[in-house]
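In what follows, a single structure is set out as structure tokens and then discussed.
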């Protein structure tokens, strides 16, 4: 049964957009590993650790709408962003391979995806984390 | 639209995109590998590879394997039986995907033994003693040398041949091809370029049966 607050306002819509974004990112990540069967490297796993809880966490904040979810989701998204940024720098060669934490197993430098010559998996990850952080920050401002 | 409807609709749309995308991706890849299977030289067909069964067989199973992989060992006998159940119609091509650390060294020993005409004997022995030399997924090449000593091979020649540039090139090419074909797990099977929808011996048997029917009994 729908409650009295079951109509969409801007704050709810923003959080919903966040949820859609992280859900798409999580499924996209699963698409790479389960459908395309690309083995995730260590840094990919750390990004997944910070991305996968977000769809669940944000969904909990949608029903009923709970502003506190922004406070809980932001640090997780921020840590994911840091790992993604590090991964991208490693990927494009700004950080030399010597300091890479994953010289064994699947190399974090392996380039699996290459759309238009510059879109890689770490870049997609960084874009996803950046967008969700931006949306969450906008939401936090509106709710303050 | 109500909130809960939006979320249900959003989740459904994402899941449908995932499923449809997966379907088209697999279709696309299957088309590519099926075309490769028809060529004489492609990542799926290399003239240097060891084969079993008649050269004119119309159904070709290409198996990418790692001698240190337990599942590859478990598939060895059933796949040979599968060949026997369609006499003259199915051929097996052995390719390498040595994913375990140090497994490439074991592959080199196997290829060197092949030069002395003992490929299948060596492979059987490697699988038989796998629990010892590849314990806990860390191949021990020293133990492999002890193991193959019982085969009556010219050991001096074997030690020379393992580093033959031709053998090294075969291993390198197979690893490159496995990557190009998206083989990330072993054993990786292609039947006339087609892959199993899900992994399993029964699925492989069904795929081979389907291909034999398509090629011979129309």
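For the reader, a short list of remarks on this structure follows.
- Cα-based helix-to-principal-axis angle, B:103-115 vs chain B, degrees rounded to 10: 50 degrees
- Rounded to 10°, Cα long-axis angle of helix B:201-216 versus longest principal axis of chain B: 90 degrees
- Per-residue shielding of B:4-12, expressed as the average number of other chain Cβ atoms within 10 Å of the residue Cβ, stands at 4.
- Using alpha-carbon coordinates, inclination of helix B:3-38 to the longest axis of chain B, degrees: 40 degrees
- When only alpha carbons are used to place a centre, the stretch B:91-144 and the stretch B:3-78 end up 24 Å from one another.
- Computed over chain B, the ratio Rg/Rh where both radii use C-alpha atoms and Rh is Kirkwood: 1.07
- Residue with peak Gaussian network fluctuation, chain B [Cα springs, cutoff 10 Å], from B:206, B:12, B:149: B:12
- Calculated FRET efficiency for the pair residue A:79/residue B:34, C-beta based, R₀ 25 Å, to 0.05: 0.05
- By the equivalent-ellipsoid construction on the alpha carbon gyration tensor, the protein assembly as shown comes out with semi-axes of 49, 25, 16 Å, ordered largest to smallest.
- Number of partner chain Cβ atoms within 10 Å, mean per residue of A:36-43: 2
No lab work stands behind these numbers, since they all come straight from the coordinates. Remember, it's a predicted structure, so these values are computed and weren't measured experimentally. Note that each Cβ is placed from the backbone with ideal geometry, even for glycine, and that neighbours are counted across all protein chains shown.
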